[in-house]
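Below is one structure, written out as structure tokens; comments come after it.
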Amino acid sequence: MVMKLSVDDISRYQKDGVVAPITVMQPSVANDLLRRLESAENSFPELIGPEKRNNAHYILACLDEIVHRKEILDAVECLIGPDIVLTNTVLFIKEPNSLHHVTYHQDATYMGLEPQTSLTAWIALTESTRENGCVRMIRGSHRLDIQQHIDTFGEDNILTRGQQIEDVDEESALDIELEPGQMSLHHARTIHGSGPNKTSDRRIGIALQSFAHPSTRQVHGQDYALLVRGSDEHGNFTKGPRPDAEVDLANVGFRDRVNTRLSEILYAGAEKQRGY
Ligand SMILES: O=C(O)CCC(=O)C(=O)O
């Protein structure tokens, strides 16, 4: 398995603002991680669920393994260098035959990270296809400024504010179909969204959002991150703990604080707020 990005992959990322698919684990490894995630979901619904989708890597060993996975970090290092912090993770779960979807948006709009050069690794734990609502990226849109976003708070829209860019030109759209164990990498300004899951199986991906250089600043004040590779000479982020058990209840309080702060950042200036 090729772990690092090729020269061609790197130039595709620079040109398109997205590169995929990148195989970062065998399907059997992804299946095993999925089984452990679903077991935690079943046993601790108060900790992992639609309203509790953020930053579960602070309490679940299976997600901690993903965020520290060498193959993922080797690829990220090719794009942002050897010193890497990870600010948040989001479990994007689309239930079978659900209307849940994601409208076109740019991640950097509300994340408060400057400069806007961070990136997201989206890891497929199930297959992600056109039928079950894979992510659709607009190639080259990372070169645009932040576009106007309208907060819709749409019922089936699983973005925080249901934020939406209208009239997106889809001529350069790319459907990111992935097998379990593959990932995509996208730039914080790349316009993307995803449709509903029309199949009878769950579509599960985890967005490691965002990987950034430690010199990155949070314009809204304090923020949290994990140093996942290299060193941090800047100290811009309060560092988080790693789980010591399959489900580490000792870290629940810390994760709650991180998620409260994340909501303050993502909903800054919004008229309402959801539970995630
Ligand atoms: O999982 C999805 O469908 C959307 C993911 C997304 O918006 C993101 O990773 O930034």
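Here is the list for segment 72-180: trypsin sites (Lys or Arg not before Pro) lying in DSSP coil, each with at most 13 other C-beta atoms within 10 angstrom of its C-beta, are R130. Per-residue Cβ neighbour counts within 10 Å put V252, V90, V85 in the sequence V252, V90, V85, beginning with the fewest.
Each Cα pair under 8 Å and six or more residues apart adds its separation to the average, and for segment 148-226 the resulting relative contact order is 15 percent.
Please say if segment 68-119 is rounded, prolate or oblate, where rounded means a/c under 1.5 for a ≥ b ≥ c the square roots of the C-alpha gyration tensor eigenvalues, and otherwise the choice is prolate for a/b larger than b/c and oblate otherwise? Before the final figure, lay out each step's value.
Numbers: a/c = 2.91, a/b = 1.53, b/c = 1.90.
It comes out oblate by the Cα gyration axes.
At most 15 other C-beta atoms within 10 Å and a DSSP loop state: those are the exposed GluC sites (Glu not before Pro) I care about. Give me the longest piece of the chain that has none. Please report the intermediate quantities before stating the final value.
Working: sites that count: E46, E51, E131, E155, E166, E233, E246, E271.
Between exposed loop sites, the widest span is 52-130.
Distance between the C-alpha centers of segment 105-131 and segment 194-251? Whole Å please. That distance is 12 Å.
Springs join every pair of Cα atoms under 10 Å in this Gaussian network model of the chain, and among H213, H68, H192 the largest mean-square fluctuation is at H68.
Viscosity 0.890 mPa s, temperature 25 °C: what is the translational diffusion coefficient of segment 7-266 from Stokes-Einstein with a Kirkwood Rh over Cα pairs, rounded to a whole number of µm²/s? Mind dumping the intermediate values first?
Working: Rh = 18.3 Å.
So the translational diffusion coefficient is about 134 µm²/s.
Per-residue extension of 0.36 nm, minus the Cα-Cα distance of H220 and L249, leaves a gain of 7.6 nm for this segment.
Can you give the helix-only mean residue ellipticity at 222 nm for the chain, where every DSSP H stretch with n ≥ 4 adds -39500 (n - 2.57) and the sum goes over all residues, rounded to the nearest 500 deg cm²/dmol?
Details: 6 runs with 64 residues, N = 276.
After summing the helix terms and dividing by residue count, I get -7000 deg cm²/dmol.
So what is the relative contact order for the chain, in percent, with contacts set as C-alpha pairs under 8 Å and at least six apart? Numbers along the way, then the final one.
Details: 613 pairs, mean separation 86.7, N = 276.
In percent, rounded to a whole number, it is 31.
Computed from the coordinates by the stated procedures, all read-outs in this text should not be read as laboratory data. Owing to the predicted nature of the structure, the values given are computational and were not obtained by experimental measurement. Please note: Cβ atoms are built from the backbone with ideal geometry, for glycine as well, and neighbour counts cover all protein chains shown.
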